[in-house]
Amino acid sequence: MNVWALGDYHRFAKATVWELGPVLVHACGIGPGQHVLDVAAGSGNVAIRAAEAGADVVASDLAAENLEAGRREARAVGVELEWIEADAQDLPFEANSFDVVTSCVGAMFAPDHAATAREMLRVCRPGGRIGMLNFTPDGLGGRFFGTFAPYMPAPPPGALPPLLWGDEDHVRALFEDGVAALELSRGTYVERASSPNAYYALFKETFGPVVALYAALTDRPADLAALDRDFLTSVADANTGSDGTAAYEYEYLLVVATKAGE
């Protein structure tokens with residue numbers, strides 16, 4: 001089962017991470033005439049913005065449902081790009097095919113980090129850029145992952161935690177042999193909802209991994225109740241909104257690498 005096909009990722013993305021697409025497009029200097037691949041693109045957060053900037057764009061994702069939502073969004077905003085179902089750890093593209101390769105809180109969830117980094121480097125042309133935006137382990141993303149962790153099934157053998165992609169030393173180790181330059185910087189952004197309960201409900205209804213986790217616990221009512229209690233507490237504690245509204249400040253690591261060679 002592909003957990004990213006559960007729920008409604010496009011609705012989730014539009015309510016949470018959608019504003020991060022332009023951040024990555026700007027950081028990578030994406031513009032007209034460039035051939036861009038967005039890896040683990042979801043419904044086009046980065047890919048659609050890159051197309052709006054004039055680039056020739058391919059969006060790849062494991063979940064066909066996300067790609068279909070992206071096609072609808074692209075039509076609605078009036079841009080054209082290619083949508084291809086693909087695994088970040090085994091991309092179906094020739095070496096040195098793209099000027100820029102991006103991923104915004106997407107490829108970080110592939111279990112084999114080394115393979116993912118290797119594939120993003122492989123398909124990028126020499127002198128091209130690889131850009132990523134990943135949640136940090138010590139930011140709010142890490143806190144929420146920590147809330148869910150006790151209830152999650154064991155990861156596959158060899159799988160690494162997604163939040164390691166937000167650790168500078170880990171990223172350096174993954175890319176150091178293939179890049180001529182590596183820029184790492186941290187930033188923050190805020191996700192908002194009408195109330196903490198609305199934010200909690202958004203995750204339960206639309207975010208695939210959370211939808212899958214709640215479904216997996218239906219025959220374990222005590223654990224299900226404990227998860228619900230812990231998640232509600234985390235959402236309430238992390239809220240920095242006022243007047244009953246909800247605001248959640250997340251930290252991310254922005255990665256911009258230049259592939260070695262020319």
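The values are calculated or read from the model by the stated rules, or taken from the named source; none is laboratory data. Keep in mind that what you see is a predicted model, and the values were worked out from it rather than measured. Neighbour counts are summed over all protein chains in view; Cβ atoms, including those assigned to glycine, are modelled from backbone coordinates with ideal geometry. For the accessible areas, the whole protein counts, side chains as well, though only heavy atoms, and no ligand, DNA or RNA atoms are used. Shrake-Rupley method; radii C 1.70, N 1.55, O 1.52, S 1.80 Å.
If we scan region 172-188, do we find a residue that is farther than 21 Å from ASP87 by Cβ, in a helix (DSSP H, G or I) and modelled with pLDDT of 95 or more? Within region 172-188, one or more residues are farther than 21 Å from ASP87 by Cβ, in a helix (DSSP H, G or I) and modelled with pLDDT of 95 or more. Note on region 179-195: residues that are open to solvent by 30 Å² or more (accessible area, probe 1.4 Å), of a type outside the set (Lys, Arg) and closer than 25 Å to ALA260 by Cβ amount to 6.
Within region 120-159, the set of residues being loosely packed, with under 15 Cβ neighbours inside 10 Å, of a type in the set (A, V, I, L, M) and not in a helix (DSSP H, G or I) comprises MET152, ALA154, ALA159. Condition check: closer than 25 Å to ASP228 by Cα, open to solvent by 40 Å² or more (accessible area, probe 1.4 Å) and modelled with pLDDT of 95 or more. Does PHE109 satisfy that? Here the answer is yes, as PHE109 does meet what is asked.
Look at region 24-40 and say how many of its residues are surrounded by 20 or more Cβ atoms within 10 Å (Cβ to Cβ) and not acidic (Asp, Glu). Here the count works out to 8. Within region 41-59, the residues that satisfy the criterion of being closer than 23 Å to GLY208 by Cβ and open to solvent by less than 30 Å² (accessible area, probe 1.4 Å) are ALA41, GLY42, SER43, GLY44, ASN45, VAL46, ALA47, ILE48, VAL58, ALA59. Residues in region 221-255 that are of a type in the set (D, E, K, R), open to solvent by 60 Å² or more (accessible area, probe 1.4 Å), over 18 Å from LEU20 (Cβ atoms) and modelled with pLDDT of 95 or more: ARG229, ASP237.
Just checking: which of the strands (runs of 3 or more DSSP E) contained wholly in region 1-119 hold 1 or more residues that are in contact with a His (Cβ under 7 Å, 6 or more places away or on another chain)? Break it down stepwise before answering.
Values: elements: 35-38, 56-61, 82-85, 98-104.
Those strands (runs of 3 or more DSSP E) span 56-61, 98-104.
Would you call GLY166 within 30 Å of GLY244 (Cα to Cα), surrounded by 14 or more Cβ atoms within 10 Å (Cβ to Cβ), in contact with a strand residue (DSSP E or B) (Cβ under 6 Å, 6 or more places away or on another chain) and in contact (Cβ under 8 Å) with a residue 12 or more places away in the chain? Can you show your working first?
Details: within 30 Å of GLY244 (Cα to Cα): no; surrounded by 14 or more Cβ atoms within 10 Å (Cβ to Cβ): yes; in contact with a strand residue (DSSP E or B) (Cβ under 6 Å, 6 or more places away or on another chain): yes; in contact (Cβ under 8 Å) with a residue 12 or more places away in the chain: yes.
In short, no.
Looking only at residues in region 169-222 that are in contact with a strand residue (DSSP E or B) (Cβ under 6 Å, 6 or more places away or on another chain) and among the acidic types (Asp, Glu), the one that is farthest from VAL105 (Cα to Cα) is GLU183. Among the residues of region 196-208, write down those that are closer than 18 Å to LEU163 by Cα and either touching a Ser or Thr at 6+ places or on another chain (Cβ under 7 Å) or surrounded by fewer than 19 Cβ atoms within 10 Å (Cβ to Cβ) (or both). Listed by number, the list is empty, since nothing qualifies.
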